[in-house]
1. Working carefully through the options Leu55, Leu64, find the one that is in contact with a Gly (Cβ under 6 Å, 6 or more places away or on another chain) and over 16 Å from Cys149 (Cα atoms).
2. Test of understanding: among Cys97, Cys130, which residue is in contact with a Leu (Cβ under 9 Å, 6 or more places away or on another chain) and at pLDDT below 95?
3. From the list Gly115, Gly140, which one is within 25 Å of Arg85 (Cβ to Cβ) and surrounded by fewer than 17 Cβ atoms within 10 Å (Cβ to Cβ)?
4. When residues of region 42-100 are filtered for being surrounded by fewer than 17 Cβ atoms within 10 Å (Cβ to Cβ) and either acidic (Asp, Glu) or assigned to a loop (DSSP other than H, G, I, E, B) (or both), how many remain?
5. Could you tell me whether region 284-294 includes any residue that is farther than 28 Å from Tyr227 by Cβ, of a type in the set (Gly, Ala, Ser) and surrounded by 18 or more Cβ atoms within 10 Å (Cβ to Cβ)?
6. Across region 169-191, which residue is farthest from Thr134 (Cα to Cα) among those that are in contact with a Gly (Cβ under 9 Å, 6 or more places away or on another chain) and surrounded by 22 or more Cβ atoms within 10 Å (Cβ to Cβ)?
7. Based on this model, can you work out whether Ala299 counts as of a type outside the set (Lys, Arg), closer than 24 Å to Phe186 by Cβ and crowded, with 16+ Cβ neighbours inside 10 Å?
8. Taking the criterion of being farther than 24 Å from Val198 by Cβ and either touching a residue at least 12 places away in the same chain (Cβ under 8 Å) or hydroxyl-bearing (Ser, Thr, Tyr) (or both), would at least one residue in region 275-298 satisfy it?
Amino acid sequence: MTEPGAVLLDEGAGRAASAARRLFALPGALVRTARPRQWIKNVLVVAAPAAAGRLASPYDIAQLALVFCLFTMAASAVYLINDARDAEADRAHPDKCRRPVAAGQVPVGVAYATGAVLAVLAPMAAALTCNAMTATLLSGYVVMQLAYCVKLKHVLVVDLVVVTTGFLMRAMTGGVALGIPLSRWFLITAGFGALFMVSAKRYSEALQMEGRGGATRALLDAYTTGYLRFVWQLAAGVAVLAYCMWALEAGGMEGGSLLPWRQLSMVPFIGAILRYAVFADRGSAGAPEDVVLHDRALAVIGLVWVALYALAVADL
């Protein structure tokens, strides 16, 4: 017969072992809450330096790697605070219930505290290692995204603008950190290109949910598919026009170039927009990173664009 004291000791040891396992698993659960799959979006910080031909210097590359890490910290802070705030609602959702905070793998208080630390640390580190404008952009991004989580995602059209602005701020931050003047055509192309992908994703979600009811995204039921189709078509047109204006701004062939590479890069850029529009029109344009990474033709078009643009920067 087992002694009561031995049973209590076994139960205590079991609880201690369980607590230890949760403690060791906590760092991994925090990383999962920070959405590593979404970090690829932060590669946009190289957009402005790439457009200016500033990717050859080791110092510039090191600075961009730092900016990528800082923006990842800022974005992770938003995800952590958002999941902590939505923990109760996520537990009732068939998919979101698997998120670490909703599943109890990350305590709500820990998620809030970690998110708050990252939200403060990212702009402070930017001010110390980059410049004041980079810190301002990161601070603005965090404040805007937290406002989106709390209120703005429930405001029609404003939700599209906020998500689009988040992409645009990524594209701006790398240039600002390196002190690169940002072309108006670059900003228009980046902004409307982002709006194109965001509205195409919303359109795809609306098509998939049409007739089912109970949309999983705030405001999705308030948009009509016709309106979202109009938005992504308008955004695609403006992005193409702005890119062409930027490419033609130099006039003819540059320096001693054999061919007008900058102008020729319009062809794969327009091809990429048209290819992405195929998925948007079918209603299968989900997360932009998934579309770009899983469509081989789009990847090839992207590589052709990179090659032509690299030739333009190298002035070959």
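1. Values: Leu55 fails: in contact with a Gly (Cβ under 6 Å, 6 or more places away or on another chain).
From the options Leu55, Leu64, the qualifying one is Leu64.
2. Working: Cys97 fails: in contact with a Leu (Cβ under 9 Å, 6 or more places away or on another chain).
Of Cys97, Cys130, the one residue that is in contact with a Leu (Cβ under 9 Å, 6 or more places away or on another chain) and at pLDDT below 95 is Cys130.
3. On the way: Gly115 fails: surrounded by fewer than 17 Cβ atoms within 10 Å (Cβ to Cβ).
Result: Gly140 is the single residue among Gly115, Gly140 that is within 25 Å of Arg85 (Cβ to Cβ) and surrounded by fewer than 17 Cβ atoms within 10 Å (Cβ to Cβ).
4. 10
5. Within region 284-294, not a single residue is farther than 28 Å from Tyr227 by Cβ, of a type in the set (Gly, Ala, Ser) and surrounded by 18 or more Cβ atoms within 10 Å (Cβ to Cβ).
6. Within region 169-191, the subset in contact with a Gly (Cβ under 9 Å, 6 or more places away or on another chain) is 169, 171, 180-182, 186.
Narrowing the set further to residues that are surrounded by 22 or more Cβ atoms within 10 Å (Cβ to Cβ) leaves 169, 171.
Values: Met169: 10, Ala171: 12 Å.
Only one residue fits best here, namely Ala171.
7. no
8. No, the conditions are met nowhere in region 275-298.
The values are calculated or read from the model by the stated rules, or taken from the named source; none is laboratory data. The structure displayed is predicted, hence computed values, not measured ones. Ideal geometry is used to build each Cβ from the backbone, glycine not excepted, and the neighbour counts take in all protein chains shown.
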